[in-house]
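Notes for the one structure printed next.
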Amino acid sequence: MTFRVRIFLLVLVVAVTAIGATAWLTISLTTREAARVDRARDRHEAAIVDEIRRFGIQRGQWAGIDGVVADLAESTGLHIRVETTSDTVLTDSDNLLGRAAGPIQLLSRQVQPVPALDPLIVSAADQMAMAAVLSGAAPDPVIRKIRPAATPAAPVLAADLFAPIPPGEPDAQALYQLAQYRAALVKVRCMAEHDAWSPALATITSPYLDPEQLSAEPSCRAAANNRVRGDTAWRDSLWTELSSCRLMMFAYDECLTERFAQGALSTSAVPVEIFFGAPGDPDLSQLSRQAGYGVAGVVVVAALGTAWIARRVSRPVHLLTGASLQLAAGRLDVRVPQGGGDDLDRLSASFNSMAEALQRSEERQRRLIADVAHELRTPLSNLRGYLEGLADGVIEPSPEIFASLHEETLLQRRILDDLQVLALAEAGDLDYTPVPVDLSELAATAATVHRAVADNAGVELVVDAPDPVEVRADPDRTRQVLGNLLSNAIRYTDAGGRVEISVARDAHGAFLWVRDTGVGMTPEEVTRVFDRFWRADPARQRATGGSGLGLTIARRIVADQGGTLVAESTPDLGTTFTVRLPAP
């Protein structure tokens, strides 16, 4: 049995045990929570529904219901959610506590936040119905269907709707109470806009306002009376419904109560549904002794398995630790033994690969130092030779001599500048200012800058970028890349050759190609074209003053902007450099 299979079986045993224990604990906790929610709902449901209904009646809207639901959830230990009948969640006690909403019971309580018809009006309607039945004056239902009675004219509302309900027919009194409720809501909202009054009614029974609210803000009282009395369409619509109850004399009081509630819905808050559930944090103190035994068993199995795994991995880990310390001390040739073919063996192989990569990196760094010294030694030797010749009188001073010395000085400065840019790029400290840039415009600008050099070299420079191609990049750094690619293409293309810049885009990003018909490169040379100080033709590069770092810097700039720079070449046919930049 391999090490991997053993670990798999151990993990499988622990996982199955843990899943079983978790399922049992979940079922146990769910059952307990469901029973607890049912008991709490039985105790508190009526009070919660009454409190929320009272809030809706007194406000005429649901703004501010969050605070009421939060207090009710805290005092009852229930998860409370309030939704409209169209399934819009108004508030959820779990969300108010900053956590995801937990499950709720499917059974809900519907709440219509409308005030009740005054008991005196209901009693009067009931007495009229009884009197009509006893006297035989109740209308015959069959005759009523054949010849429906005409709707009586709507009564004119009193000038002051906040006065006590005047005597009269029960349906007219019901209309007056609805108008009084609406006027009370208008008045408290007006008072809240003018002062620090609460936009809530004092009571849920007529006249809905206490003496202090009635006397405050006379302008709001007048505005409420005028607004409600002036809405004749609303009054006539309610009166049509309320007065039709006269035709149902056998159930006059029931009809009037129902039509009153329907009419109040045109003024009050929308009906809602209240759902109940368990709070988001279960009470873990309710776990039974059997649950504790299950947890202990899982812990024992996990501890034994961990000890066995630790014993199996201790030796190779000890070897890796020792090798790591030696590697940190500078022993880059250190390696750990491999064998066994398991995961630990692959870990040892990975460590050996890392050590080998570090050794190669150290060797590249040493070669870089040697290359830099070599690149600087040649121009410095030339300068020294000329200066000594001038000092000894062997060489006569002339403008040509000084021009040559100046050229060598510029070459050294160019090498140092390129080394500094490369160091900043590889350290991630090179500044970029990405903005929307038209790649086609950049290509045309770069071609204009290099056209004189191309003409002097007898090389045709062509731009194929008919359409704008927008990317998000640093324009200065991107021009630096294009300038380097064009300089190389012109430098390695003989007279009569051609250099072409093309720009295009696809669904994945933008592309820029720099193609030349120059000397080309072999596949081995293509693999080294982005190495530091590497030149396909050292003599030609030296003659034109290149540092051998331009392509290395260009590739780093493109990579830092999320793109790629690759080269393809065929000897004696030319070279193509492809720059890909991501879409903006």
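Ranked by the mean number of other Cβ atoms within 10 Å of their residues, highest first, the peptides 177-185, 49-57 fall in the order 177-185, 49-57. If R0 is 41 Å, what FRET efficiency do you get for Thr522 and Leu325 from their C-beta distance, rounded to 0.05? Here the calculated transfer efficiency is 0.40.
Label sites at Glu273 and Thr570, each approximated as a point 7 angstrom past Cα along Cα to Cβ, lie 7.3 nm apart.
Using Cβ point charges alone (K and R +1, D and E -1), the dipole size of the stretch 119-268 about the Cα centre works out to roughly 440 debye.
May I ask you to derive the FRET efficiency for Leu358 and Thr578 from their Cβ-Cβ distance with R0 = 56 Å, giving the value to the nearest 0.05?
Values: r = 32 Å, r/R0 = 0.57.
FRET efficiency, Leu358 to Thr578: 0.95.
Full extension of the chain between Asp333 and Arg109 gives 73.0 nm of extra length, using 0.36 nm per residue less the Cα-Cα distance.
Close amide H pairs (under 5 Å, H built 1.01 Å from N) link Glu460 with Gly496, Gly497, Arg498, Val499, residues at least 5 positions away or on another chain. Working note: Karplus 6.51/-1.76/1.60 with θ = phi - 60° gives the stretch 328-336 the couplings 5, 7, x, 7, 6, 8, 6, 9, 10 Hz, where Gly and Pro are set to x.
With R₀ set to 22 Å, the beta-carbon distance separating Asp38 from Glu74 gives a calculated FRET efficiency near 0.70.
Size of the dipole of the stretch 431-582 about the Cα centre, Lys and Arg at +1 and Asp and Glu at -1 on the beta carbon, nothing else charged, in debye to 20? Intermediate values should be presented prior to the final figure.
Numbers: 16 positive and 21 negative charges, 95 e Å.
Around 460 debye, computed over the stretch 431-582.
The fraction of Cα-Cα pairs per 5 angstrom bin, counted from 0 for the stretch 119-268, comes to 2, 10, 18, 20, 17, 12, 9, 6, 4, 2, 1, 0 percent, rounded to whole percents.
Could you sort the peptides 162-171, 509-518 by per-residue average Cβ neighbour count (10 Å cutoff), highest mean leading?
Working: 162-171: 16.0, 509-518: 21.6.
Per-residue mean Cβ counts within 10 Å order the peptides as 509-518, 162-171.
Toward the positive end of the charge dipole of the stretch 431-582, with +1 on the Cβ of Lys and Arg and -1 on the Cβ of Asp and Glu, the farthest Cα among Val449, Phe577, Phe530 is that of Phe530.
Ranked by the mean number of other Cβ atoms within 10 Å of their residues, highest first, the peptides 432-445, 111-124 fall in the order 111-124, 432-445. With both labels modelled 7 Å from their Cα along Cα-to-Cβ, the Val49 to Leu134 distance reads 3.5 nm.
For the pair Asp392 and Ala163, label points projected 7 Å from Cα toward Cβ lie 13.0 nm apart.
Full-extension gain between Val317 and Ser215, please, as 0.36 nm times their residue separation minus the C-alpha to C-alpha distance.
Details: separation 102, 0.36 × 102 = 36.72 nm, distance 8.61 nm.
Residue separation times 0.36 nm, minus the Cα-Cα distance, leaves 28.1 nm.
No lab work stands behind these numbers, since they all come straight from the coordinates. Just so it is clear, the structure is predicted and the values come from calculations on it, not from any experiment. A quick note on method: Cβ atoms are made from the backbone with ideal geometry, for glycine too, and the neighbour counts reach across all protein chains shown.
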